[in-house]
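Notes for the one structure printed next.
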Amino acid sequence: GFQKLQDSRSAAGDGQATATSIDATILLSFVELRVKEVCEHVSEVIKEKCPPAQVLVSCIHFLRDCFKRLHAMVPRLLTKLFMDFMSRTALGAMKAIFQAASAHLV
């Protein structure tokens, strides 16, 4: 993935404006794919392990801190991707909590 990004940069040396727009498109695509991949992996681990709320919040804070430098380069995209991830994570955690609570009622 990253090698393709570097190769396309060196190949598009003639038109500076075109190269810049292509670089931006490739960068956005690369970042989107990798961030989604990381978020999916974390989501799978969360579903598998069902950590307590404090651990879940700590994990999300850690992931947010890891994405800070990337956020400086592509703030809109990263905000959207991270908010989607947090929304899915919160919904999944809420469902797990209510399932556990309902199991104790029966």
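The values are calculated or read from the model by the stated rules, or taken from the named source; none is laboratory data. Predicted model, so just to flag it, every value in this text is computed and none were measured. Positions of Cβ are generated from backbone atoms using ideal geometry, with glycine treated the same way; all protein chains shown enter the neighbour counts. The area values use the complete protein model at the heavy-atom level, side chains included, leaving out ligands, DNA and RNA. Shrake-Rupley method; radii C 1.70, N 1.55, O 1.52, S 1.80 Å.
Using a probe of 1.4 Å, the accessible surface attributed to LYS68 totals some 120 Å² when neighbouring protein chains are kept in position.
Each residue of the range 55-66 is assigned a 3J(HN,Hα), and the resulting list reads 5, 4, 5, 4, 4, 5, 5, 4, 4, 4, 5, 5 Hz, derived from the Karplus form 6.51 cos²θ - 1.76 cosθ + 1.60 (θ = phi - 60°), x at Gly and Pro. Of THR25, THR79, THR89, the order by accessible heavy-atom surface (1.4 Å probe, DNA, RNA and ligands excluded), from most exposed downward, is THR25, THR79, THR89. How much FRET efficiency would the formula 1/(1 + (r/R0)^6) give for ARG34 and ALA90, where r is the Cβ-Cβ distance and R0 is 22 Å, rounded to 0.05? With a Förster radius of 22 Å, E is 0.45.
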